[in-house]
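Engineer: I have a structure I would like to understand better, so I am pasting it below and will then ask my questions one at a time.
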């Protein structure tokens with residue numbers, strides 16, 4: 001009986017609402033310049049996939065949330081969302 | 001009758017399999033250094049949300065795929081996935 | 001007689017003092033984890049090189065400063081410095 | 001007598017010549033879209049400032065070069081330059 005499983009956890013980090021997003025704005029301007037029509041707002045964020053050994057899906061999620069709070073996200077400008085993929089596999 | 005709707009399209013850009021990902025490796029090392037146990041591979045990518053006016057969901061997807069090919073993604077090191085959110089709204 | 005020369009302008013974008021810099025902190029942690037000793041603070045910024053046609057070095061600098069204000073830098077968290085390289089060449 | 005001094009080391013990481021640089025290209029397109037004239041190539045890189053305790057400027061440089069090789073730079077697409085600032089201070 002495995003004591004832990006390996007979970008694949010996705011972290012979605014996006015600029016907070018109301019925070020300037022020069023990278024997204026730059027992409028929107030560039031797309032307009034290339035002739036793409038109908039492009040509205042573009043928001044640019046980051047996407048991490050983290051493999052975590054944990055005793056349960058909840059433990060995996062909580063661990064990654066702690067990582068975001070302690071290291072990964074910049075709370076001044078970013079918010080994050082943590083998603084645990086289904087189908088954990090024993091390591 | 002609206003001729004177009006506004007679609008919210010998500011682009012997920014991730015490092016190609018086999019390509020070095022120093023940013024992900026750096027995060028994995030830093031998490032280990034902070035005492036997080038059970039952290040395996042970390043892969044770091046980008047996440048874009050693009051609002052697009054289009055005649056259909058398929059048109060929105062194709063337009064954003066073209067943007068990725070022409071500008072957004074770096075085919076040497078990145079692959080991308082385009083997801084159109086449900087629930088388009090008339091502009 | 002050329003009316004403009006091409007200047008190579010460097011833009012150095014760095015996190016404002018006092019602003020959290022998770023990317024720099026992550027690199028510092030990862031270096032410690034790899035066994036590098038004596039690593040103190042790490043700050044992570046961006047470096048752009050922009051070729052600009054302008055009538056003078058001062059014009060080139062002012063133009064790029066305007067680009068930073070309008071598009072490139074995020075004033076909430078970043079500051080920037082503009083350096084015009086010597087040795088402009090006629091286009 | 002201090003056995004080491006603290007050096008402030010700058011790392012300039014830039015896309016290799018001939019490698020696609022979608023971020024730089026995106027910025028160039030956006031600047032054109034905003035009406036900036038005379039903008040040629042834009043190349044986008046990274047800038048790190050690392051404080052390192054070392055016995056000499058050469059040791060500081062070598063240590064940071066090792067960091068770049070082992071962790072920081074992606075040799076597939078990036079090259080780097082290491083500059084040690086003058087005026088080291090005893091820690």
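Engineer: Averaged across A:44-56, how many Cβ atoms of other chains sit within 10 Å of each residue's Cβ atom?
Structural biologist: Per residue, the average neighbour count from other chains is 6.
Engineer: Would you tell me the mean number of C-beta atoms belonging to other protein chains that fall within 10 Å of each C-beta in A:68-81, as a whole number?
Structural biologist: Counting other chains' Cβ atoms within 10 Å and averaging over A:68-81 gives 4.
Engineer: Same structure again: So, by mean Cβ neighbours within 10 angstrom, what's the order for D:14-26, B:20-32, A:5-17 with the highest one leading?
Structural biologist: Answer by packing, highest mean first, reads B:20-32, A:5-17, D:14-26.
Engineer: Same structure again: Any idea what the residue A:17 label distances to the other copies are, label 7 Å down the Cα→Cβ vector, nm, shortest first?
Structural biologist: Label point to label point, same position, other copies: 3.5, 3.9, 5.0 nm.
Engineer: Using only the Cα atoms, what convex hull volume per residue in Å³ does chain A have?
Structural biologist: Spread over its residues, the Cα hull of chain A gives 115 Å³ apiece.
Engineer: Between the label point of residue C:3 and that of the same position in each other copy, find the distances and list them shortest first in nm, with every label point placed 7 Å from Cα along the Cα-to-C-beta direction.
Structural biologist: 4.0, 6.6, 7.8
Engineer: Tell me whether the protein assembly as shown comes out rounded, prolate or oblate; compute the Cα gyration tensor, take square roots of the eigenvalues as a ≥ b ≥ c, and use a/c under 1.5 as the rounded threshold.
Structural biologist: In terms of gyration-tensor shape, oblate.
Engineer: Something else about it: What does the copy distance list look like for residue C:56, label position 7 Å along Cα→Cβ, in nm and ordered from shortest?
Structural biologist: The answer, with the shortest distance listed first, is 4.6, 5.9, 7.1 nm.
Engineer: Something else now. Angle, helix C:22-33 long axis vs. longest principal axis of chain C, Cα atoms, 0 to 90°, nearest 10?
Structural biologist: 50 degrees
Engineer: Roughly how many whole Å is it from the C-alpha centroid of the range B:15-52 to that of the range C:29-81?
Structural biologist: Value for the Cα centre distance between the two parts: 23 Å.
Engineer: Based on the alpha-carbon gyration tensor of the range C:1-49 and its eigenvalue square roots a ≥ b ≥ c, which shape applies: rounded if a/c is under 1.5, prolate if not and a/b is larger than b/c, or oblate?
Structural biologist: Prolate shape, in that a/c is at least 1.5 and a/b is the bigger ratio.
Engineer: Once the Cα atoms of helix A:57-67 and of chain A are each reduced to a long axis, what angle between those two axes, in degrees from 0 to 90 to the nearest 10, is obtained?
Structural biologist: It works out to around 50 degrees.
Engineer: How would you classify the range D:22-68 from its alpha-carbon gyration tensor, with a ≥ b ≥ c the square roots of the eigenvalues: rounded for a/c under 1.5, else prolate if a/b is greater than b/c, otherwise oblate?
Structural biologist: It is prolate, given that a/c is not under 1.5 and a/b is the larger ratio.
Engineer: Counting partner chain Cβ atoms within 10 Å of every residue's Cβ in A:18-27, what's the average?
Structural biologist: 6
Engineer: Where in the range A:24-39 does the amide nitrogen come within less than 15 Å of the point 7 Å from the Cα of residue C:19, taken along Cα to Cβ?
Structural biologist: Under 15 Å, as judged by backbone N against the label point of residue C:19, lie A:24 of the range A:24-39.
Engineer: Report the residue of chain A with the smallest Cβ-to-axis distance, using the rotation axis that brings A onto B, in whole Å.
Structural biologist: Minimum Cβ distance to the axis, with residue: A:47, 2.
Quick note: the coordinates plus some simple rules give every number you see, no bench work behind them. Predicted, not measured: the structure shown is a model, and the values here were computed from it. Backbone-built Cβ (ideal geometry, glycine too); neighbour counts: all protein chains shown.
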